[in-house]
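Here is the structure we will look at.
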């Protein structure tokens, strides 16, 4: 599953800011893989906390092979030690099992979150052990296809903003300026900021 956004939305974003326009024109249309199952997405995000993306994917593939199915019912029936065997910490295993248990015990209905606005979803997700604001925001982008998420907690986004716009630091006020500028397409802009942050676009940045 890919994050769903039409190319015409890129054209709207390009009208908002000349520097972002140059970056989009240079990079082109970005496709990002997503998960349409929110429980799996939250589990994947928890696994990936404080480790590299390569390690996250490796552990995820191992988990799918060892656990056969990553769904609340299956995970709830596993012990924490069984979940740990995929290569994650006791704490991460406890977080994932805790979410599964809440779903199985009907204390949590993830499907109901799709009817809520972004702030409400973030508030509900951060009630779960192991899910902070950044994790909730990533779940909204990569599991719920929410298009207007801009994470102040994301260091790569702030690093890209500094590179592009020449800020020495990104304060909350500066960040909110860009949130308003790029709304309602902040998630899409984030894809390009991550690309700038993690890749070598020094020649392009020199032009802007």
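Residues of the range 136-148 being free of Cβ contacts under 8 Å to residues at least 60 places away in the same chain and under 9 Å from the mean Cα position of the chain (by Cα), which ones?
136, 137, 140
Determine whether the range 79-89 contains at least one residue that is under 30 Å from residue 152 (Cβ atoms) and modelled with pLDDT of 95 or more.
yes
Report whether or not residue 119 is exposed (fewer than 13 other Cβ atoms within 10 Å of the Cβ) and within 30 Å of residue 103 (Cβ to Cβ).
yes
Please indicate, with yes or no, whether at least one residue in the range 108-123 is more than 30 Å from residue 7 (Cα to Cα), under 21 Å from the mean Cα position of the chain (by Cα) and in contact (Cβ under 8 Å) with a residue 24 or more places away in the chain.
no
Considering 92, 97, 19, 64, which residue is in a helix (DSSP H, G or I) and assigned by TED's automatic domain parsing to the domain that holds residue 165? Walk me through how you get there before you give the answer.
Numbers: 92 fails: assigned by TED's automatic domain parsing to the domain that holds residue 165; 97 fails: assigned by TED's automatic domain parsing to the domain that holds residue 165; 64 fails: assigned by TED's automatic domain parsing to the domain that holds residue 165.
Result: 19 is the single residue among 92, 97, 19, 64 that is in a helix (DSSP H, G or I) and assigned by TED's automatic domain parsing to the domain that holds residue 165.
For the range 1-28, give me each residue that is surrounded by 11 or more Cβ atoms within 10 Å (Cβ to Cβ) and closer than 30 Å to residue 111 by Cβ.
Selection gives 1, 3, 5, 9.
Quick check: is even one residue across the range 165-185 under 25 Å from residue 46 (Cβ atoms) and either within 16 Å of the chain's Cα centre (by Cα) or not assigned by TED's automatic domain parsing to the domain that holds residue 16 (or both)?
no
For the range 166-196, enumerate the residues that are surrounded by fewer than 19 Cβ atoms within 10 Å (Cβ to Cβ) and without any contact (Cβ under 8 Å) to a residue 24 or more places away in the chain.
166, 167, 168, 169, 171, 172, 173, 174, 176, 177, 180 - these are the residues of the range 166-196 that are surrounded by fewer than 19 Cβ atoms within 10 Å (Cβ to Cβ) and without any contact (Cβ under 8 Å) to a residue 24 or more places away in the chain.
The values are calculated or read from the model by the stated rules, or taken from the named source; none is laboratory data. Computed from a prediction, not measured in an experiment: that's the story for all the values here. Counting neighbours? That spans all protein chains shown, and the Cβs are built from the backbone with ideal geometry, glycine included.
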